[in-house]
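Presented below is the structure to which this report refers.
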Amino acid sequence: MKTLYRPVGLTEMQLILDRDLKGFPPRLPDQPIFYPVLNKPYADRIAREWNTQDRFSGFIGFVTEFHVNSPFIDRYEEKIVGAREHAELWIPSGELEE
């Protein structure tokens, strides 16, 4: 089991609520990956610094926390996208429903 975090804006949060908090909405055609982050401080920073500046996000940032069972999640390699604490998983959008 791994705990993951996903910073989202208002639009994506509403779509998650529409699913009764039981999954994320499908990615848009121009979004080939779903990238949850591996630590809450990084997720908080994205929500605070990016989502609140983004019109599409409704200028609001939320952080979702969710748990994913192994071995499914273990097949994805951890990606560092900047500093060491900027750790994410890159899950192809076609595999999100799994």
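Projecting label points 7 angstrom from Cα along Cα→Cβ for Lys22 and Glu65 puts them 2.3 nm apart. In straight-distance terms, cross-link reach from Lys79 covers every one of the aspartates and glutamates whose alpha-carbon lies under 12 Å from its own, apart from those fewer than eight places away in the same chain; here that gives Glu88. Quick check: net charge around Phe62, other residues with Cβ under 12 Å of its Cβ, Lys/Arg +1 and Asp/Glu -1? Local charge sum for Phe62: -1. With each label modelled as a point 7 angstrom along the Cα→C-beta vector, the Ala87-Phe56 pair spans 2.8 nm. For Asp44, neighbours were defined as the other residues whose beta-carbon sits under 15 Å from its Cβ, and their charges (Lys and Arg +1, Asp and Glu -1) total 0. A Gaussian network model of the chain, with springs between Cα atoms under 10 Å, assigns the largest mean-square fluctuation among Lys22, Lys79, Lys40 to Lys22.
Each helix, a run of at least 4 DSSP H residues, gives -39500 (n - 2.57); summed and divided by the residues of the chain, these come to -5500 deg cm²/dmol at 222 nm. Given the choices (1) 16, 49, 33, 2; (2) 14, 36, 25, 17, 8, 1; (3) 13, 36, 31, 14, 5, 1, P(r) over Cα pairs in 10 Å bins from 0, in percent derived from the coordinates of this structure is entry (1).
Between Gly23, Gly58, Gly82, the GNM of the chain built on Cα springs shorter than 10 angstrom shows Gly82 fluctuating the most. Most mobile of Asn69, Asn39, Asn51 per a Gaussian network model of the chain (Cα springs, under 10 Å)? It is Asn69.
The numbers here are math on the coordinates, done by the rules we state, and not lab data. Owing to the predicted nature of the structure, the values given are computational and were not obtained by experimental measurement. Glycine also receives a Cβ, built like all others from the backbone with ideal geometry; neighbour counts cover every protein chain displayed.
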